[in-house]
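What follows is calculated from the coordinates using simple rules that are stated; it is not laboratory data. These numbers were taken from a predicted model, which means no experiment stands behind them. FYI the Cβ positions are ideal-geometry reconstructions off the backbone, even for glycines, and counts take in every protein chain you see.
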Amino acid sequence: MKNRINDNDIKLGVKSLNFDIPSDVVSKVNNLIVEREQTRNYFWKHINFANPFIKWAPAYLTLFLVLIMGTFPLKKDPDLSKLTTEIKIEYELKDKNIKILWVKKQNFLLRRLKK
Amino acid sequence: MALPSLIFSRREKREISIEKTDVEIKETFNELFIPLSRNLYNFIFKSTNFSEDANDVFQETVMRALKYFKKFDRTKSFKPWIFTIANNEIKRHFKNKSFLYSDKNVDALCEKFHDEAERKLVKAIYIVAENLKPRDRQVFFLFYDNGFSITEISVMTGIKTGYIKVILSNARKAVRKLLEVRNEK
C-alpha cells in the first residue's frame, strides 16, 4: 500500500513536535541584554543621532574644510614673473631667415660643471 | 551670552529624546519578538539536530537582532528578517563545527504520540530531516515548520527557487519511502 502523504501531512507532522525555550536560556538572554546596556559607552549612548545638527555634522565639517582650503590654500601659487623665461640675446640671420633666441631659465643648472 | 543656555536646553532635549527612543526600540522589539520567540527557538533547535548548541545560536540571534533592530525597515515584515538572522547564525555555527552531535533521540521524542500512524509519520519526517544537509534542513523547516513560501525562503537563504523545490521534493520522497519501508516491515 502506497502512502499518499502530502505537504499538509508533513506540515502537521513537523509542527506536532514543539519545544519550549528553556528558562535558563531566557534568563541568560535577559542578562546579556542588561549587560550590553551597561557596558555601552556612556558618550555614544548619550548622543542622539536623530538630531539634525549631529546628523549633518560631517557634511558641515566637510563644507567648512573646503571653504578653509579655498580661502587659505596650503600651496601658494608660484610667482609667474619668476617662472617666465628671460630672453638674454636675440639676433637674426636675415639672409637665412633664421631668428636665434638665447633664453635663460630660472631653474637652469649647469650639471656638467658640477661633475 | 545666549549660547550656553541654548546648548543646555538642547542637551536636555536630547537626553529626553534618547530615553524615549531607547525605550521605544526595546518595546517595539519585544512586541514583535515575543510572539515569534518560540517558533524561532524551535527552528534553531530542529535545524541544529536537537543539539544543545541551539541555545547558544538562539542567544546570538537575539543579540544580533537587537543590535541591528534600528536598521530594520519597519515597513517590512519582522518574521522573515529575524529568521534570516537565525539562518545566518546557524550557517556560521555549522561553518565552525563540521559535525553536530544530536543530544536527543528521535525515537525518544516521538514517544509522546499515542496514535501509531502519527508517531510513524513524525518519526519518518524527523529521521529524514536529521539526514539532510544543514542547508537543506533549514529550508525544510522554514517551509514546513514556519510556513514561509518558496520565494520568501529564496530571498532569505539566497538559494534559487528551483533548487528549493528540488530539496523539498527530495525530502518528501524520502519521507514517503521511509514510511513505505516501515509499513512493509
Report summary line: Fewest-first ordering of B:THR48, B:THR61, B:THR157, B:THR84 by Cβ atoms within 10 Å yields B:THR84, B:THR157, B:THR61, B:THR48
Report task. Could you go through region A:19-35 in sequence order and give the Karplus-derived ³J(HN,Hα) for each residue, using 6.51 cos²θ - 1.76 cosθ + 1.60 with θ = phi - 60°, rounded to whole Hz, and x for Gly and Pro? Result -> 10, 8, 6, x, 4, 5, 5, 4, 5, 5, 5, 4, 4, 4, 5, 5, 4
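Based only on other Cβ atoms within 10 Å, what is the fewest-to-most ordering of A:TRP102, B:TRP81?
On the way: A:TRP102 10, B:TRP81 18.
Listing A:TRP102, B:TRP81 from fewest to most nearby Cβ atoms yields A:TRP102, B:TRP81.
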Report task. Using R₀ = 45 Å, calculate the FRET efficiency as 1/(1 + (r/R₀)^6) where r is the Cβ-Cβ separation of B:LYS95 and A:LEU63; round to 0.05. Result -> 0.50
Query raised in the report: Restricting attention to region B:70-171, which trypsin sites (Lys or Arg not before Pro) occupy a DSSP loop and are surrounded by at most 14 other Cβ atoms within 10 Å?
Result: B:ARG74, B:LYS76, B:LYS97, B:LYS104, B:LYS160
Query - Farthest positive-ward along region B:30-114 dipole, Cα basis, beta-carbon charges - from B:ILE34, B:TYR68, B:ALA86 - result: B:TYR68
**Report entry** Restraint check, B:LYS70/B:LYS95; B:LYS46/B:LYS120; A:LYS11/B:LYS95; B:LYS71/B:LYS95; B:LYS133/B:LYS165; A:LYS28/B:LYS133, Cα-Cα greater than 23 Å
**Finding:** B:LYS70/B:LYS95; A:LYS11/B:LYS95; B:LYS71/B:LYS95; A:LYS28/B:LYS133
